[in-house]
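The values are calculated or read from the model by the stated rules, or taken from the named source; none is laboratory data. Remember, it's a predicted structure, so these values are computed and weren't measured experimentally. Cβ: placed from backbone, ideal geometry, glycine included. Neighbour counts: every protein chain shown. To get the accessible areas, we keep the full protein, side chains included, count just its heavy atoms, and leave off ligands, DNA and RNA. Shrake-Rupley method; radii C 1.70, N 1.55, O 1.52, S 1.80 Å.
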Amino acid sequence: MVVSEGKRRESLPKRCKICKSSMENDSSLMLGPKGLIKKHEFVRVIIQCLYSLGYAKSASCLESQSGISCKLKDFEVLEPEVLGANWEDCISTINRIKGLTDEMRSSAIFLVFKQCLLECISHGDCLAALNVLQKQIAASNLGKDQVHDLALDMLSAKLTRNNTINEVVIYELRRKLLVELESLFPPPITLPERRLEHLVETALSSQIDSCMYHNSGSQISLYENHSCNRGQIPTQTFQVLTEHKNEVWFVQFSNNGEYLASSSSDCTAIIWKVLEDGKFTIKHTLSSHQKPVSFVAWSPDDTMLLTCGNVEVVKLWDVKTGTCKRTFGDHGFTISSCAWFPDSRRLVCGSSDPEKGICMWDCDGNEIRVWRGMRMPKVLDLAVTADGNNLISVLSDKEIRILNVVTNAERVISEEHSITSLSVSVDGKYFVVNLNSQEIHMWDVAGEWQEPLKYTGHQQHKYVIRSCFGGFNSAFIASGSENSEVYIWNRQCSEPIEILSGHSMTVNCGPCHKDGLLERCGHCRLVMSERQVLSVVKSDSECVFVKRGVHAESELMEGFYGVLLLLWSRDHCRWSRTGLRCLLG
């Protein structure tokens, strides 16, 4: 069973003669301070890495000097047989290889026969292909399904073959077959592709995972162990904003970081412009609400802003002109939360009135979809994942409903204690909820987890306390607390890694910024407020934030959420753009 390999035949890389005595002496040696690394395995993966990087001469010399080959003898025999189209010898070699399961051996033989039949048909030798199919394949241990697949492949190749034979393509297909066989055979017969790079990346990932303050997407060096410091925590007041006439209930940066929106119980919302020097100045004051403004939400493209009146309507504003473009709902439509879909054309509002449920509108005011009824009690909070596929809502006090708006599939999670807030990670894979049991729970949106990850340490009994994702890859969780402090957790640690003091009243986290501002003005920003005062704070690392704290008698007390927002943006980090929800009434 031999098929002509054609005129084009590349010679295999020449390897220096391997010294077997050296290989035998090194087979039991261990390396490393803890003696965990087998020397011959270590050298073998280095040789593989050198070949993959294009250093064939160095790899061959290392094979000769160490007596260790990148590929075991059986596979070295198989390689020229495949490239030379010696298919009968290939089958014999595969049958001789030890350490293969029956399934692996059958799959390898199937791949060889598939290539053999393809080349027979490509050369127009249909009789040879039929002979291989009827006699040699039938005599093998292939299953009926595999034999049928080979017959279909042969028929398909016959119907679609070209009149001219491309020997270059055939040779490349043989090279591809070698790669498939190499990936099919288990270690130590062959090595997983780019094994050394995988091991190094795993080690680096482990260092990053164990670094509680890691918050950067920049490359890390192999020359030293990775470690981040905590020097970015804000400590110094930089600017105070006093334009609101009453308590500030909510703050949120625009997704591009150029603006900040704040809402207040003085029935107004303010859009602040972030200047080149890091200072804030008023761009627009939005003043058409008749009741306190409890919540704001930027559209993903930052051209529009939603403002929610407490037990009132939702208004859509043009950010450029500061004019109201649309009013959604009517008076008495008790809004608990709003969220945008990623296309900036659709929005959803949830109501604490069970008769209202959840409504989806387009920006022209057309009602697209409504969820209400017995299965939709009062909505306390809601959010939309970044891909726009999932609508997550907190129903009543203790239920979380995840609805796929595309397939209408839904999942309900029940908590034992009352939920006060909801926040979704930037990538839309996870969400956190604050419970009045003084715990924060993180769940996965896909529903693969049976139990949530839990975070403790903060205090929450009486007020609505909110948490948020932040940092590179949403690696951190931040939350306010009733003891006037801000708590920061690394997602992998249930205990807080930082506790920030400085407030005099209850702190409730505010909105998070999506992108940093380092490229534009060299500063990071964060917002905090004490009643009607907004304070801009900077850290020892010269990052600027707006920091917020609120009067304890208000059920909505914005806090360090805004501060964390851009704290790590100097390293071009991404924070969750999902703002906090005002749960009033």
ask   = Take the residues of region 294-327 that are of a type in the set (S, T, N, Q) and buried (at least 19 other Cβ atoms within 10 Å of the Cβ): which is farthest from Lys356 (Cα to Cα)?
value = Ser299
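In region 275-287, what count of residues is obtained for those that are touching a Cys at 6+ places or on another chain (Cβ under 9 Å), within 17 Å of Val248 (Cβ to Cβ) and modelled with pLDDT under 90? Reasoning before the result, please.
Let us first name the residues in region 275-287 that are touching a Cys at 6+ places or on another chain (Cβ under 9 Å), namely 275-278, 286-287.
When the remaining residues are screened for being within 17 Å of Val248 (Cβ to Cβ), the result is 286-287.
Next cut, modelled with pLDDT under 90 only: none.
Total meeting the criteria: 0.
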inquiry  = Anything in region 240-257 that is surrounded by fewer than 17 Cβ atoms within 10 Å (Cβ to Cβ) and farther than 26 Å from Val313 by Cβ? List them, or say none.
reply    = Val240, Thr242, Asn256
query = Looking at (1) polar (S, T, N, Q); (2) surrounded by fewer than 21 Cβ atoms within 10 Å (Cβ to Cβ); (3) under 21 Å from Gly84 (Cα atoms); (4) modelled with pLDDT of 70 or more, can you tell me which one Ser122 breaks?
reply = (2)
remark   = Flagged in region 420-444 as over 25 Å from the mean Cα position of the chain (by Cα) and among the β-branched types (Val, Ile, Thr), in numbering order, are Thr420
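Only residues that are of a type in the set (Asp, Glu) and assigned to a loop (DSSP other than H, G, I, E, B): list them for region 344-383, please.
To start, the set of residues in region 344-383 that are of a type in the set (Asp, Glu) comprises 353, 355, 362, 364, 367, 381.
Passing the criteria: Asp353, Glu355, Asp364.
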task = Return a yes/no flag: does region 211-224 have any residue that is of a type in the set (D, E, K, R) and either surrounded by 14 or more Cβ atoms within 10 Å (Cβ to Cβ) or more than 31 Å from the chain's Cα centre (by Cα) (or both).
result = no
Selected residue (criterion: modelled with the lowest pLDDT) from residues of region 225-239 that are open to solvent by less than 60 Å² (accessible area, probe 1.4 Å) and touching a helix residue (DSSP H, G or I) at 6+ places or on another chain (Cβ under 8 Å) = Pro234
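Confirm whether Thr303 is of a type in the set (Ser, Thr, Tyr), closer than 21 Å to Gly365 by Cα and under 32 Å from the mean Cα position of the chain (by Cα).
On the way: of a type in the set (Ser, Thr, Tyr): yes; closer than 21 Å to Gly365 by Cα: yes; under 32 Å from the mean Cα position of the chain (by Cα): yes.
Yes.
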request  = Looking only at region 52-62, count how many residues are surrounded by fewer than 18 Cβ atoms within 10 Å (Cβ to Cβ) and in a helix (DSSP H, G or I).
outcome  = 5
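When you scan region 265-275, do you find a residue that is over 22 Å from Thr327 (Cβ atoms), open to solvent by less than 30 Å² (accessible area, probe 1.4 Å) and touching a Ser or Thr at 6+ places or on another chain (Cβ under 8 Å), even just one? Even if it seems obvious, please write down each step before you answer.
To start, the set of residues in region 265-275 that are over 22 Å from Thr327 (Cβ atoms) comprises 272-275.
Filter once more, so that each one left must be open to solvent by less than 30 Å² (accessible area, probe 1.4 Å): 272, 274.
Narrowing the set further to residues that are touching a Ser or Thr at 6+ places or on another chain (Cβ under 8 Å) leaves 272.
Yes - at least one qualifying residue is present in region 265-275.
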inquiry  = For the condition loosely packed, with under 11 Cβ neighbours inside 10 Å, of a type in the set (A, V, I, L, M, F, W, C) and at pLDDT below 80, what is the one hit in Leu159, Leu150, Leu155?
reply    = Leu159
Considering residues of region 166-185 that are under 34 Å from the mean Cα position of the chain (by Cα) and without any contact (Cβ under 8 Å) to a residue 24 or more places away in the chain only, the residue nearest to Arg105 (Cα to Cα) = Ser183
query = Does Gly357 satisfy being among the small types (Gly, Ala, Ser) and in contact with a Phe, Trp or Tyr (Cβ under 7 Å, 6 or more places away or on another chain)?
reply = yes
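Is it the case that Lys114 is part of a loop (DSSP other than H, G, I, E, B) and either under 29 Å from Cys49 (Cα atoms) or without any contact (Cβ under 8 Å) to a residue 40 or more places away in the chain (or both)?
Numbers: part of a loop (DSSP other than H, G, I, E, B): no; either under 29 Å from Cys49 (Cα atoms) or without any contact (Cβ under 8 Å) to a residue 40 or more places away in the chain (or both): yes.
Here the answer is no, as Lys114 does not meet what is asked.
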remark   = Restricting attention to region 485-513, the residues that are over 25 Å from Trp298 (Cα atoms) and modelled with pLDDT under 75 number exactly 6
inquiry  = Tell me which strands (runs of 3 or more DSSP E) are completely within region 384-499 and hold 2 or more residues being surrounded by fewer than 19 Cβ atoms within 10 Å (Cβ to Cβ), or say none if there are none.
reply    = 399-404, 410-414, 453-456
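So is Trp443 modelled with pLDDT of 90 or more and out of contact with any Ser or Thr (no Cβ under 9 Å at 6 or more places or on another chain) or not? Even if it seems obvious, please write down each step before you answer.
Values: modelled with pLDDT of 90 or more: yes; out of contact with any Ser or Thr (no Cβ under 9 Å at 6 or more places or on another chain): yes.
For Trp443, the condition - modelled with pLDDT of 90 or more and out of contact with any Ser or Thr (no Cβ under 9 Å at 6 or more places or on another chain) - is met.
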key: Matching entry among Asn166, Asn86 (being over 30 Å from Leu191 (Cα atoms), surrounded by fewer than 19 Cβ atoms within 10 Å (Cβ to Cβ) and modelled with pLDDT of 70 or more)   = Asn166
task = Return the residue satisfying two criteria in turn: it lies in region 329-343 and is part of a loop (DSSP other than H, G, I, E, B) and modelled with pLDDT of 90 or more, and of such residues it is nearest to Val293 (Cα to Cα).
result = Phe341
